[in-house]
Amino acid sequence: RVERSVEPPTERPGERRMAEMKKLYGAEAAKIQAMEAAMQLIFDRNCDKKQPKYWPIIPLKL
Amino acid sequence: NSRPGENSRGSENSRDSGAVQKARAELRERFLRLLSGARGRPGRFCLWGGIRLRADFGAADVESGTLQTPLGIQRAALLRSGDLLEFSFPLE
Amino acid sequence: MNDWQRKSPLDWETYVNKLVKVVAVEKHEYEGWVLTVDPVSATIVLATFPENEKGSLSFVMGHAVQKVEILREGDGEMEQRLAGILAPQESHAYSP
């Protein structure tokens, strides 16, 4: 499994993420975040269910 | 290794106007819609070095840009966005 | 990061609803109508409508894009056709 974010432990990741989203998307931030979260959920569920491995094992390009 | 699109997450964004944010949101929403509409469809994937795959599209990690797709029979695989050049699906 | 990835959302937006030719690495070329450019990855999404065939959606990864050339502007009919692809009929795909 891929561990994505590397947040400093002193910050609350959710808040920081929302601030970042606001900066990028302004008034639409919440909507975009909801769409991303929904897709991420599907991805995570699929991974739990199917336990996929990376293909190819070694990246073609670094 | 940097994730794709770190560009739009740089510190310059603090200066972004409402117009830029609006355009970015519109483009991103369209992209997420199209990507999510591709779920379960038969895709053709083109990777570096002329490698071509046919597989049903599973799901995408929109954060890290990882694509999940079944390969072969009952096997699922994760494709790295950096390995991919292009992928396509038939329209309904 | 390539020039295409460095563009601003306002630049990418100007390509929407236009017929383009995308030159990608390893001499790949793709032609189609631009539906969007993902502002995070700079991935460009093209719709193609070949005659006598089902159309297709093509996602060209931003990191692979070398050049994007505008070939033609979309007319009202094409804009509608493209809007149809984005119509929220597929919004069910978001529900888990």
Flag if C:Trp33 is among the aromatic types (Phe, Trp, Tyr), within 20 Å of C:Ala83 (Cβ to Cβ) and facing chain B (nearest Cβ under 7 Å): no
Considering region B:30-66 alone, what residues qualify as being modelled with pLDDT under 90 and closer than 22 Å to A:Arg17 by Cβ? B:Ala59, B:Ala60, B:Asp61, B:Val62, B:Glu63, B:Ser64, B:Gly65, B:Thr66
Would you mind telling me which numbered condition in (1) at pLDDT below 90; (2) farther than 26 Å from A:Asp48 by Cβ B:Glu26 fails? (1)
Kindly establish whether C:Lys54 is without any contact (Cβ under 8 Å) to a residue 12 or more places away in the chain and among the charged types (D, E, K, R). yes
Do any strands (runs of 3 or more DSSP E) entirely within region C:1-81 hold 1 or more residues that are polar (S, T, N, Q) and open to solvent by 10 Å² or more (accessible area, probe 1.4 Å), and if so, which? C:44-48, C:56-60, C:65-73
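Results for (1) over 28 Å from B:Ser17 (Cβ atoms); (2) of a type outside the set (A, V, I, L, M); (3) more than 7 Å from chain B (Cβ to nearest Cβ), shown as yes or no for each residue.
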site	(1), (2), (3)
C:Trp12	no, yes, no
C:Val20	no, no, yes
C:Glu73	no, yes, yes
C:Arg81	yes, yes, yes
C:Ala87	yes, no, yes
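The values are calculated or read from the model by the stated rules, or taken from the named source; none is laboratory data. Values in this document were obtained by computation on a predicted structure and should not be read as measured data. We place every Cβ from the backbone using ideal geometry, glycine too, and count neighbours over all the protein chains shown. These accessible areas exclude ligands, DNA and RNA; they are computed on the full protein's heavy atoms, side chains included. Shrake-Rupley method; radii C 1.70, N 1.55, O 1.52, S 1.80 Å.
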